[in-house]
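The values are calculated or read from the model by the stated rules, or taken from the named source; none is laboratory data. The structure presented is a predicted model; accordingly, all values stated were derived computationally and were not measured. Note: ideal-geometry Cβ built from the backbone for every residue, glycine included; neighbour counts use all protein chains shown.
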Amino acid sequence: MCNVRLERNVFVSIGVLSLTLRLMLDSFLLFCLRPELQSLTLTIQGAIQTLQGALPFRGPTSHLHHMGRGNDTPISEFLLLGFSEGPELQPLIFGLFLSMYLITMFGNLLIILAVSSDSHLHTPMYFFLSNLSLVDICFTSTTVPKMLVNIQTQSKIITYKGCITQMNFFILFAMLDDILLTIMAYDRFVAIGHPLHYMVIMNPRLCGLLVLVSWIMSALNSLL
């Protein structure tokens, strides 16, 4: 029994460490991707201005389908700036992000494995934690693999459909992450404020319903 508890604590500790590393990775990505996102925004704004300049003025009812064949300039791909132009830094950047990505994946998978394999962890808190780990895996996988492929192949191009798809899943899992953290905070509030009625309030049906509603809300938000 002691060995089982020790192994379970080790799994959970490694998982919590991986979540911490994942938060550090997200913060680093947001800091480093800021110039790239600004460049993408400027590219989109420039393309919109080009399209608007090519449109003949036909009053408030003018639409894109009024544009003639000669002025048709569709956007099919975007150019990503990346972190550094120096080729000597590319292996270092690739190894850094690959190692952080593998640590994040391994730690979250350990949390899911520990929660699913131990019946003592079949509680609302660990149920939400396992769902959060799954969302973290999906959230990290929306951007980092593409980044690693771009660094390895020295290609900075992303298609328009690929960009829209990546942004859709990025917004989906980012909002889902926030909602699950809010649900976990409510779970702890019930456990502390109403300990005698905790298992009655946070029953399996309510927990499953909360997760389902969070997925639906995130999916609808990502499509807007």
- Query: Residues of segment 111-154 being in contact with a Phe, Trp or Tyr (Cβ under 6 Å, 6 or more places away or on another chain), closer than 18 Å to Asp178 by Cβ and not hydroxyl-bearing (Ser, Thr, Tyr), which ones?
  - Reply: Val135, Cys138, Phe139
- Just one of Leu129, Leu102, Leu96, Leu89 is exposed (fewer than 15 other Cβ atoms within 10 Å of the Cβ), modelled with pLDDT of 90 or more, out of contact with any Ser or Thr (no Cβ under 9 Å at 6 or more places or on another chain) and assigned to a helix (DSSP H, G or I); which is it? Leu102
- Could you tell me whether any residue of segment 196-204 is in contact with an Asp or Glu (Cβ under 7 Å, 6 or more places away or on another chain), closer than 29 Å to Thr143 by Cβ and not in a helix (DSSP H, G or I)? no
- Output the residues belonging to segment 87-101 that are over 15 Å from Ser155 (Cβ atoms) and under 20 Å from the mean Cα position of the chain (by Cα). Leu96, Phe97, Leu98, Ser99, Met100, Tyr101
- Query: Given the conditions (1) touching a residue at least 24 places away in the same chain (Cβ under 8 Å); (2) in a helix (DSSP H, G or I); (3) surrounded by 13 or more Cβ atoms within 10 Å (Cβ to Cβ), and given that Gln152 satisfies all but one, which numbered condition is not satisfied?
  - Reply: (3)
